[in-house]
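I have placed the structure first, in the form of structure tokens, so that the comments after it can refer back to it.
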Amino acid sequence: MRVAPIGLGLLFVTLVVSCSSDPSPVEGSPTPDAGGRDSAATPEPDSGTGANDAGADSGGGPLTEQNEVEPNDGKTETEVGAMTLPGQMTGKLDPANDVDIFGVTLTPGELYEWTLTPTGGELTPHVTVFDTTPNNLNPTALVAGTTKGAPITLQHFVLRPGKFVAAVRDSRNVPNASGAGGPAFGYTLVGRTKAAAPVAVTFPATKTGKLASLGAVDLYTFTTTNGKGFDIVLRAERKAQPSTLDSRLSLFDITKKQAIITNDNAAGTTDSQIGSANGVTGSYMVIVDNEGTNPADLSYELEFSLRP
Ligand SMILES: [Ca+2]
Ligand SMILES: [Ca+2]
Ligand SMILES: [Ca+2]
């Protein structure tokens, strides 16, 4: 996608609209591939439930208190506020249709958590974190609140370097401005890292899990595939009792601090699948997140299998 240097607001909308179709598979070592093949339907020798809330306590130290400064609507590349992390931004979506966009520095390999809390009672909160670099491979992370005045929380694991912004809007103005906004649309936005608390996996295994919310991530980690190629297959839509999770699955090399592959949809399903013809040894993170909008049942099975 080509993006002009100005018109970040337009870029913003474009990215949000396209967030569920990020390019995949991503090429990179170790010759990964994603989806498109029949998954090995072998019984799982090992089954367990990952008590997985991705991160433990908050990290990164005390919050830096900040106040928004208008204009920060992203109408030009420089019309963006700055937000220091870990930090708390206090602002207001005022006047109607106001958008507040803050540039933030995010580190690949870190888990971030954002909490957007309405303070004036009128805001139906919507937060998006994305990479403004053209043609980047960082998925857009967002939560669209559905309840006026209720806080929302967004977690995301940063896969690649980029130029990131966090955007605050009212859900009723997304994707099209509807006039929401005014003096009672105050908020605080807190952004910070969390200590990742992944579930350790030894191939082969099948884990069952459930995202805590639409904006949550689950994390798994492994260190070796014993010299064999491997597949990691998520089943939500395809499990015996289909769930409403529309998954995205990513693999991150913790040792090299490098993303290897992301897959949002395997062939013919909203479920995700990643894999490699080559074995790997090192320290790897598997990230499960959601790109759907239905919170009814966010459960899934995650199969880690070795190729013959
Ligand atoms: Ca504002
Ligand atoms: Ca603004
Ligand atoms: Ca998907």
Flagged pairs (Cβ under 6 angstrom, 6 or more apart or on separate chains; first in segment 70-99, assigned by TED's automatic domain parsing to the domain that holds residue 169 and hydroxyl-bearing (Ser, Thr, Tyr); second near ligand 2 (Cβ under 9 Å from one of its atoms) and not in a loop (DSSP other than H, G, I, E, B)) are none
Note on segment 64-102: residues over 24 Å from the mean Cα position of the chain (by Cα) and hydroxyl-bearing (Ser, Thr, Tyr) are 76, 78
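Against the condition in contact with a Gly (Cβ under 6 Å, 6 or more places away or on another chain) and in a loop (DSSP other than H, G, I, E, B), how does residue 279 come out, does it pass?
Values: in contact with a Gly (Cβ under 6 Å, 6 or more places away or on another chain): yes; in a loop (DSSP other than H, G, I, E, B): yes.
So residue 279 passes the test.
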Which of the residues that make up segment 229-254 are of a type in the set (Lys, Arg) and farther than 23 Å from residue 140 by Cβ? 235, 238, 239
Residue list for segment 161-186, restricted to those being assigned to a loop (DSSP other than H, G, I, E, B) and crowded, with 19+ Cβ neighbours inside 10 Å: 174, 180, 181, 185
Can you name the residue in segment 74-92 that is part of a loop (DSSP other than H, G, I, E, B) and hydrophobic (A, V, I, L, M, F, W, C) and is also nearest to ligand 2 (Cβ to nearest atom) among such residues? 80
Residue check, residue 239 more than 16 Å from ligand 1 (Cβ to nearest atom) and farther than 16 Å from residue 109 by Cβ: yes
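The values are calculated or read from the model by the stated rules, or taken from the named source; none is laboratory data. For clarity, every value in this text was computed on a predicted model and none was experimentally measured. With ideal geometry, Cβ positions are generated from the backbone for all residues, glycine too; neighbour counts draw on all protein chains shown.
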